[in-house]
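Here's the structure, in structure tokens; my notes come after.
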Amino acid sequence: MNPRPLAPHASALPLRYNPTLLMSRSRGLTVSPDTLTFNSVRPVLAVAGEAVHLLASRRRLEPPCKRATPALWPDNEQIIRNFGILVHMVWQVIFLIILILLGSAAYAGIQGAPWVPTWKRDMKRVGELLRLAPEEKFVELGCGNARVCRHLKQEQPQADVTGVELSLLQYGVGWLQNRLAGSGVKMKLENAFKHDLSGYDALYLFLMPETYQKIRPKLETELKPGSRVVSYVWPILGWEATRVDEREGAPKLYYYER
Ligand SMILES: C[S@@+](CC[C@H](N)C(=O)[O-])C[C@H]1O[C@@H](n2cnc3c(N)ncnc32)[C@H](O)[C@@H]1O
């Protein structure tokens, strides 16, 4: 079998850095690259030759004895530079996440109402008006962090309680709080205008007054007869409240029976 010609660089490299000659010498051979016919050594030499050639063309070559791997190993400056890039990238991702969360909260604010929670003491009033029975289905449209939902579920653990929220930020916080509390409240990341209301017995909403007017036709079409609705602060114009809960120094609650 004829020996395959060696890569041009093998003989072009200076003797000191020529892997072919160095390896043949280390094996006690005194052959030149042209006469080297050791099949077993040739692939190793070819790979080593390629590597040396590549490195020599990229950076100043050092004597082989000094460099087992250092050429492939980043120096301190490189590590610091890479670390800086990594920190920068992490900050960019965090910034992007914050931007998305705030953007979605702003979008929900425009769509229905910005996030303002129902006062803690008024959650009890909502529960008293709705009087959820076991197995009843309740939904809160624009539930924020679902604090009203959790309160009602605590009052009536056997009721099916769902909160619908459009803002990723409030949804995420509410979801986490529900998980940590093991509340059993269901949360949906959805536009209230798209949520099917046909299966619910009771509904609570605290949105902007104009949003009440916009969502009213949907409530009229989808809610089943006999269902109850409570609105916070503002009435649903065009509907006659069965009861208005007024307390001094507190927002009004409007109770409707369909
Ligand atoms: C005034 S806050 C009330 C929060 C909660 N219901 C409470 O009483 O604590 C209104 C909430 O509705 C959400 N929201 C606004 N428009 C919405 C829509 N179209 N669909 C679902 N949620 C919406 C907002 O993100 C905000 O969290």
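We did not get these values from a lab; they are worked out from the coordinates using the rules stated. In this text the structure is predicted, and so the values were computed from the model without any measurement.
Quick notes on this one:
- Cα gyration tensor shape for segment 154-241, rounded if a/c is under 1.5, else prolate or oblate: prolate
- Among the listed pairs K194/K218; K153/K186; K153/K224, a Cα-Cα separation exceeding 20 Å is found for K153/K224.
- Its relative contact order, with pairs defined as Cα atoms under 8 Å and 6+ residues apart, puts segment 118-258 at 22 percent.
- Per-residue Karplus couplings for segment 136-151, computed as 6.51 cos²θ - 1.76 cosθ + 1.60 with θ equal to phi - 60°, are listed in order as 6, 10, 10, 9, 10, 8, x, 7, x, 8, 6, 5, 5, 4, 5, 4 Hz, Gly and Pro entered as x.
- Whole-Hz couplings from phi, Karplus 6.51/-1.76/1.60, listed for segment 183-194; x for Gly and Pro: 6, x, 7, 8, 10, 10, 8, 7, 6, 4, 6, 9
- Counting only residues at least eight positions apart within a chain, or on another chain, the aspartates and glutamates with an alpha carbon under 12 Å from that of K252 are D122.
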